[in-house]
Structures are given as structure tokens and as C-alpha cells.
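Worksheet: one structure, shown below.
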Amino acid sequence: MSNDSTNALNNETRDAWNSNASVWDARMGDDGNDFHQVLIRPAIERLLEVKTGTRILDIGCGNGLTTRRLASLGAQVVGIDFAEEMIASARRRTQQHETSIEYHVLDATDETALLGLGERSFDAAVSAMALMDMAEIDPLLRALTKLLQPGGCFVFAVMHPCFNNTYVSMAAEVKDCEGQLVSEYSVKVSGYLQPSTTKGLALENQPKPHLYFHRPLHVLLGAAFRAGFVLDGLEEPAFPSDHPSNTRFYSWSNFTQIPPALVARLRFSDE
Ligand SMILES: C[S@@+](CC[C@H](N)C(=O)[O-])C[C@H]1O[C@@H](n2cnc3c(N)ncnc32)[C@H](O)[C@@H]1O
């Protein structure tokens, strides 16, 4: 992608997230929605295996949900986001562990700015539901190979590229199974292989749709492999069947056999 087109996409993305920041902050609060609490946070924590005193970079930190949580587990955390309004919410919500947390307004597509955080200064990096919102990921992955200590890992959660992309429509059907009415939930996938950039919603009531950068698995992971990472952990979390059902049929909590997110651990070794 040329610098001009990346800049235009970045400006549009930043503008949308600044406009959506207060609605996002109100919805996520201090502790996240059930999508975050049930699917994203536990998988990230299992893969990250946080140890006291480790230094972690949180990329696309939003209102600081994961940043604060990792600090409460004993880590030193640097949260970055390029939307100033998101960082303002994150700072407002940080009332505890202040000495373990730093926030910076920083564009994760800017390799030079990322390297300014300090080469070899992080034990691990994390990104919760942000890579599919980024216009480019190669600069970030390249920078991470220099920001991380050898053996360090990068754990990321994204919308599942196969089942939860902007080509997907969701369906609920009812069938009579020997006298019992049974609901069946499914997704129809009309596209996958072609990377695409389309507008969409992360929250129903967000003021401005934002850009989604759909990357099929071979593109997403291919960028990581090209940068020198290997994949050494993977989860596909879905809501458990005993999770309270939601009256909105299209809530992911009804689709208990289809994972709406993919959480992966990449490992960097400079040997
Ligand atoms: C869906 S929100 C997730 C926020 C947070 N990680 C969470 O789980 O609540 C995506 C975030 O990525 C940020 N983002 C998108 N592109 C970015 C970029 N190029 N550099 C830094 N942050 C970016 C947005 O500003 C937004 O705050």
C-alpha cells in the first residue's frame, strides 16, 4: 500500500474511533462487555501467561481495558492507541496501578514511532480486537521483532476471519424435531479469500461506522511469518451453551458452535 493510501485510510479510521470513543467507553466500562469477559480476556490471559514484573505492550488499547487488567495481574504495561479520545478515556479510567501503566497516542502502522518505545524493552505484546481495524499490519509485526526480547510473544485477538467478517450474514431458523421446536443458528459466508476494506459496526449504536480490514488467515499469519514469528498457540473461543441466551437472535451468545474470535500467540526468536 502506498503511504498516501495508508494515510488516508488511517485518517478515516482514527476519525471514526475518535467519534466512537465515548460510546465505546460507556459500553466497555472498567471491565468490558460479555464478549470481552467470556471470550477475549480469558483466552488472552491463558496464552499470555502473565508473570509479575513483565513489561507488556498493549496495541490498540482503546479505553485501557486490557492495559489495566494486565497491570492488576502484576505487569508493567504500556498502552498505545492512535485515537486521542480513546487514550483520554483510558487515562480517566486508570485510578489504580497508575505507576505500572503508561499510555501513549501512537499509530501502530508507524514503524519508526513504534521503535521509539525502546528496542528489546518488552517481554510480551498484546492486541485485543484491534488488528482488523488497522490499515496495515506489516510495520507493526516488523517493529515487534525489535521491540520484544528474544523469545518474547505477541498475543492477539481478532474477529475470526472465517466466521465473523464483513461478508458474513447470520441466520436463525426453527425446526420441528419430532415434536420439539429447536432453534438452529448459522452463518452464511459469501466471501473470504480476498482481503477487503469495508465499513462496519463494532457496536450497534456507534455514531460512525469504521473501516474493517479483512485479512484471510494466509494473509494475516503470512505477515507474521514473513516478519520472523512462529505460531505457537491458538484458541477459537465461542460462548458456552449454558451462557444466558440473548433475545437478539444475532447475538454471538446464541452461536455456541461458531467462534466469533480467533486468539493467537506468535513467538519471536532471533536465533
Ligand atoms: C475495537 S477497538 C479495541 C480496543 C481495546 N483493545 C478493547 O479491547 O477494548 C480497536 C482500537 O484500535 C485502535 N486502532 C485502530 N488502528 C490503529 C492504529 N493504526 N494505531 C493504533 N491504534 C489503532 C482504535 O483507535 C481502537 O481504539
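Residue 32 sits among other residues whose Cβ lies under 13 Å from its own Cβ, and their net charge, with Lys and Arg +1 and Asp and Glu -1, is 0.
DSSP finds beta bridges in the chain, and of those with both partners inside it, around 60 percent are antiparallel. Loop-located GluC sites (Glu not before Pro) in the stretch 78-168 (DSSP state not H, G, I, E or B) with no more than 16 neighbouring Cβ atoms inside 10 Å: 119. If you average the sequence gap of Cα pairs under 8 Å that are 6 or more apart and divide by the length of the chain, what percent do you get for the contact order? Computed value for the chain: 19 percent relative contact order.
Modelled this way, with points 7 Å down the Cα-to-C-beta line, the labels at residue 178 and residue 245 are 2.0 nm from one another.
Counting protein heavy atoms only, the stretch 3-268 has 49 percent of its accessible area on carbon and sulfur, 1.4 angstrom probe. Assuming charge only on the beta carbon of Lys and Arg (+1) and of Asp and Glu (-1), the dipole of the stretch 3-268 about its Cα centre is about 340 debye to the nearest 20. About its Cα centre, the stretch 1-119 has a charge dipole of approximately 540 debye under the convention of +1 per Lys or Arg Cβ and -1 per Asp or Glu Cβ, with nothing else charged.
Counted residue by residue at 0.36 nm each, then reduced by the alpha carbon distance between them, the extension gain from residue 196 to residue 5 reaches 67.4 nm. Helix 84-93 and the long axis of the chain differ in direction by around 90°, with both axes built from C-alpha atoms. For residue 79, the shell of other residues with beta-carbons less than 9 Å away shows a net charge of -2, using +1 for Lys and Arg and -1 for Asp and Glu. A quarter of the convex hull surface defined by the alpha-carbon atoms of the chain gives 14.8 nm² as the mean projection.
What accessible area per residue comes out for the chain, rounded to a whole number of Å², with a 1.4 Å probe?
Value for the chain: 47 Å² per residue.
Comparing Cα centroids, the stretch 1-67 and the stretch 213-271 end up 15 angstrom apart. Using Cα atoms only, what is the angle between the long axis of helix 217-227 and the major principal axis of the chain, expressed in degrees (0 to 90) to the nearest 10? Rounded to the nearest ten degrees, it is 10. Among residues other than residue 47 with Cβ under 10 Å from its Cβ, the summed charge is -2 (Lys and Arg +1, Asp and Glu -1). 3J(HN,Hα) along the stretch 97-105: 6, 4, 6, 9, 10, 10, 10, 9, 7 Hz, from the Karplus curve 6.51 cos²θ - 1.76 cosθ + 1.60 with θ = phi - 60°, whole Hz, x for Gly and Pro.
The values are calculated or read from the model by the stated rules, or taken from the named source; none is laboratory data. Please read these numbers as outputs of a predicted model, since none were measured by experiment. Counting neighbours? That spans all protein chains shown, and the Cβs are built from the backbone with ideal geometry, glycine included. Note: areas computed on protein heavy atoms with side chains; ligands, DNA, RNA excluded. Shrake-Rupley method; radii C 1.70, N 1.55, O 1.52, S 1.80 Å.
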